[in-house]
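First comes the structure, then the notes that go with it.
The values are calculated or read from the model by the stated rules, or taken from the named source; none is laboratory data. None of these values were measured; they are calculated from a predicted model. All Cβ positions, glycine included, derive from the backbone under ideal geometry; neighbour counts span all protein chains shown.
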Amino acid sequence: MTADRREEALDWGDPDDPSWVDPGAPGSEPGAVLEHEGAADPAAVAGGAHETSAASTADRRRAAIAAATGVLGGVYLAYSVGWILSVGTLQLQGATLLIEVMYQFGEFLAIIACALWFGAVMALTRGGRPAVRLGWLALGTLVLVPWPFLLAVLR
């Protein structure tokens, strides 16, 4: 790699660009209103406002997706607690030791299934569309319901 290409790769902005902000300059603090130098055309200023609203819409969408993912993560945590509570109430008196061990292993899998589902969805949909991720998480809320706990509560 040549020195010019390294310099170009490390260049983070063009000082001649009207949207470039010098972090050490006065008025560059957060919330400061920047004046467009040489922008006598109101359409040029309005174009910047349009870009800002598109960025804020994208930020709101990302925040909504993160909030929905957090809520569904909380649901999965509640489901795990429900499975832990319901496992304590169910008793199996198996005929053999193998039956009892397999039953306890099934209880263990029921408890960790929520965490495994959440982790698998987050890992497998990392680069995909957020709607697909939320769809798989929503499907998991239907599949992993702690039925023994809900049936005990409804009685």
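The table that follows gives values for the structure above.
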| quantity | calculated |
| --- | --- |
| Breaking point among (1) of a type in the set (D, E, K, R); (2) surrounded by 12 or more Cβ atoms within 10 Å (Cβ to Cβ); (3) not in a helix (DSSP H, G or I), for residue 126 | (2) |
| Condition met for residue 150 (at pLDDT below 90, surrounded by 11 or more Cβ atoms within 10 Å (Cβ to Cβ), out of contact with any strand residue (DSSP E or B) (no Cβ under 6 Å at 6 or more places or on another chain) and not in a helix (DSSP H, G or I)) | no |
| Qualifying residue in segment 16-25 (condition: under 23 Å from residue 140 (Cβ atoms), at pLDDT 65 or above and surrounded by 10 or more Cβ atoms within 10 Å (Cβ to Cβ)) | no |
| Residue ID - farthest from residue 144 (Cα to Cα), chosen from residues in segment 91-107 that are hydrophobic (A, V, I, L, M, F, W, C) and surrounded by 12 or more Cβ atoms within 10 Å (Cβ to Cβ) | 99 |
| Residue 111 being farther than 18 Å from residue 145 by Cβ and out of contact with any Gly (no Cβ under 7 Å at 6 or more places or on another chain) | no |
| Boolean, residue 72 is touching a residue at least 24 places away in the same chain (Cβ under 8 Å), in a helix (DSSP H, G or I) and under 28 Å from residue 154 (Cβ atoms) | yes |
| Residue 77 vs. criteria among the hydrophobic types (A, V, I, L, M, F, W, C), over 18 Å from the mean Cα position of the chain (by Cα) and surrounded by 12 or more Cβ atoms within 10 Å (Cβ to Cβ) | no |
